[in-house]
1. Loop only by DSSP, 11 or fewer other Cβ within 10 Å of the Cβ. Give me the chymotrypsin sites (Phe, Trp or Tyr not before Pro) in the range 34-130 that pass, ordered by residue number.
2. Any idea how far apart residue 49 and residue 124 come out in nm if each label point goes 7 Å out from Cα toward Cβ?
3. Over the chain, what relative contact order in percent results from Cα pairs under 8 Å that are six or more residues apart?
4. Give the Cα extents of the chain along the principal axes, in whole Å, largest first.
5. For residue 36 and residue 84, what is the calculated FRET efficiency with R₀ set at 30 Å and r taken between the beta-carbons, to the nearest 0.05?
6. Going through the range 19-128, which GluC sites (Glu not before Pro) have at most 13 other Cβ atoms within 10 Å and a DSSP loop state?
7. With each run of n ≥ 4 DSSP H residues scored as -39500 (n - 2.57), what mean residue ellipticity at 222 nm is computed for the chain after dividing by its residue count and rounding to the nearest 500 deg cm²/dmol?
Amino acid sequence: MKKIMMIVVLLGIAGVAAAPFVIGTKLESVTREQVELTNQRLKDSLATNPYFKNANLTLKSYEKGYASSVAQGLLQLETIIPTESGKPLTFEIPFISNIQHGPYLGDSGLGLAKIISRPDIEALVMSAKS
């Protein structure tokens, strides 16, 4: 009986230890799927919006760690407004998503992950200077 209990406890500990890695791996594939879905929705939205010619969301990098990950991406919006050179005005908005994957216990309770996305101001300023 003690051996069975010890095995159950060890399997439980191994499961808890492996959970952040397994959840993080699944979260990466879900993130890539959501980028594709968002691009399809952006494309559908362009059909009804006369002011934008093109819109695209790209995932530049996804750095997965044991219990946290960082995703970097770029949202590009091409308008119908011409610039001085005659090319369409294009907005490029870089963003960073900080991801904690778990199980995660936070302010709103227990969850599998917490994702905080924000514009990457440093990259935005650097691209404006160049």
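1. 51, 66
2. 1.6 nm
3. Details: 192 pairs, mean separation 23.3, N = 130.
Value for the chain: 18 percent.
4. If we take the Cα atoms of the chain, the spans are 80, 33, 25 Å.
5. Rounded to the nearest 0.05, the efficiency is 0.30.
6. Those satisfying the criteria are 84.
7. Helices in the chain give a 222 nm mean residue ellipticity of -15000 deg cm²/dmol.
Values quoted throughout were computed directly from the atomic coordinates according to the rules given, and no laboratory measurement underlies them. Note that this is a predicted model, so its numbers are computed, not measured. Cβ: placed from backbone, ideal geometry, glycine included. Neighbour counts: every protein chain shown.
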